[in-house]
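Rule-based calculations on the coordinates, nothing more; no lab input. It should be emphasised that the depicted structure is a prediction, and the values quoted were computed from it without experimental measurement. When we count neighbours, we look across all protein chains shown, and the Cβ atoms used for this are built from the backbone with ideal geometry, even at glycine.
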Ligand SMILES: Cc1cc2nc3c(=O)[nH]c(=O)nc-3n(C[C@H](O)[C@H](O)[C@H](O)COP(=O)(O)OP(=O)(O)OC[C@H]3O[C@@H](n4cnc5c(N)ncnc54)[C@H](O)[C@@H]3O)c2cc1C
């Protein structure tokens, strides 16, 4: 199946999954004598709840689901859908209470029924889940704590919402509807079990060992992994994997990193990593021989998914890693299509992999433009930031089909994207990878 058809297929399946429970619950016999507004609010509640449930499928990293879009598109969708689900779920009691103000009493957890209490609990869990995700950085919640809280709140919201529907009972008035509802709940929870239990078990069978942690220019390191008793995973240049270090894959701490090695070099895998927080700071102390586990490859930011006569690669800082993999792969494939690399960093001394890139330029049809924010005194190249003017000076003029790949700090990526669009580069030819999922 090509990516476009696969994408449409999953969207249709998503719509069926979200709407089916509502339609099935509406099949007769349904509770008699209900007004339009009551039925409408319940329909909204059902759609909100199934949207919430399908989130578990979205984040379970099923490769077939993520492949057509790339994981950051899936996660962006996950965020939007969560907001929509919250809105629909809030609309459900709001409409009921506007229609019948006597129901306002159910807002008191001590005064209501178990059905209303579980409903309130589900809403509270979902609202907290959305708020902690939207304001994670403002409330200084570190990533690992956020992730644990997120999983627990998501689980609580789903279980409580299911309890609410079962206790309210009106629409589960036949055995087959009850059975269907249980199957739906089990399918959602099984995704969580798959992600947190089955997938680590599979990773345990395909263990890696740290071969080396090599210091690079700037506060960057290359982590080199070797497969233990297996051939190692295959990836497309530009893809990434979630990495766990230590004795067990059953840990909540895992971090995504792009492969920086050639996808043609089977076995040894390399990642270029910048020191940012706890995990990356500890990397320099990780001894050779440490166990490692990988979940991947993921991502649609790849040379192999965007055939063209030439490429323009634009990197900021450690955003060079997936592009380094592009270039190493092209060199191994003896691919001599023209490539322009615009590579910006804060300082010349801290610009990681620049010697390796010079060496690759000797093997490829590669032009490199270094852009140094704070250049040394005798610097003659480009300085400052990657701007529209700078792009205008360097972007190739020959009319051949090119694809543009951008990876770096968010501000740079937005500026570059806007400048490329302004220059008439088609939207679908601009590919970007964000190193920040939340
Ligand atoms: C698709 C993708 C590819 C990436 N590739 C690279 C790469 O090649 N080289 C590189 O240096 N960095 C890469 N990153 C970023 C890298 O994952 C984070 O810098 C790293 O996880 C920070 O962890 P920390 O504990 O050191 O820092 P922290 O201070 O804990 O985190 C700093 C920020 O990194 C993000 N982050 C932290 N932990 C995770 C996690 N488990 N999952 C997702 N995001 C997290 C959060 O936004 C957090 O605010 C990539 C990120 C993504 C999403």
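Using the Cβ-Cβ distance between residue 358 and residue 304 with R0 set to 25 Å, the FRET efficiency from 1/(1 + (r/R0)^6) comes to roughly 0.50.
Taking every alpha-carbon pair under 8 Å whose residues sit at least 6 apart, the stretch 205-298 reaches a relative contact order of 40 percent. Geometric descriptor of the chain, per residue, is 177 Å³ (volume of the convex hull of the Cα atoms). Computed over Cα pairs, the Kirkwood radius of the stretch 205-298 leads via Stokes-Einstein (1.567 mPa s, 4 °C) to a diffusion coefficient of 98 µm² per second.
With contacts taken as Cα pairs under 8 Å and at least 6 residues apart, the stretch 1-120 reaches a relative contact order of 28 percent. The ranking of 386, 65 from fewest to most other beta carbons within 10 Å of each one's beta carbon is 65, 386.
Quick check on the stretch 303-433: take the gyration tensor over C-alpha atoms, sort the square-rooted eigenvalues as a ≥ b ≥ c, and tell me if it's rounded (a/c under 1.5), prolate or oblate.
oblate
By the count of neighbouring beta-carbon atoms within 10 Å, fewest first, 34, 402, 217 end up ordered 34, 217, 402.
Ordered by the count of other Cβ atoms within 10 Å of each Cβ, fewest first, 64, 274, 204 give 64, 204, 274.
Taking the 0 to 90 degree range and rounding to the nearest ten, how far is the long axis of helix 320-332 tilted relative to the main principal axis of the chain, both from C-alpha atoms? Value to nearest ten degrees: 60. The label-point distance for residue 217 and residue 84, in a model that sets each label 7 Å from Cα toward Cβ, rounds to 4.6 nm.
Once both labels are positioned 7 Å from their Cα atoms along Cα-to-Cβ, the gap between residue 104 and residue 19 label points is 3.6 nm.
Within the stretch 44-75, which residues have the backbone N less than 12 Å from the label spot 7 Å out from residue 11 along Cα→beta-carbon, could you tell me? The answer is 69, whose backbone nitrogens lie closer than 12 Å to the label point. Length gained on full extension, residue 379 to residue 124, computed as 0.36 nm times the residue gap minus the Cα-Cα distance: 86.1 nm. Working note: Cα atoms of the stretch 109-227, range along each principal axis, descending, whole Å: 64, 37, 17.
The alpha carbon gyration tensor of the stretch 1-158 gives principal lengths a ≥ b ≥ c with a/c of 1.5 or higher and a/b no greater than b/c, which makes the shape oblate. The slack in the chain from residue 77 to residue 173, taken as 0.36 nm per residue of separation less the alpha-carbon distance, amounts to 31.2 nm.
Adding -39500 (n - 2.57) for every DSSP H run of four residues or longer, then dividing by how many residues the chain holds, sets the calculated 222 nm ellipticity at -15000 deg cm²/dmol.
Counted residue by residue at 0.36 nm each, then reduced by the alpha carbon distance between them, the extension gain from residue 186 to residue 166 reaches 5.8 nm.
Compared with the rule-of-thumb size 2.2 N^0.38 Å for a compact globular protein, the stretch 1-73 has a Cα radius of gyration ratio of 1.41.
Just want to confirm a number: the relative contact order over the chain, from Cα pairs under 8 angstrom separated by 6+ residues, in percent.
About 12 percent, as a whole number.
Of all DSSP bridge pairs formed entirely within the chain, close to 50 percent run antiparallel.
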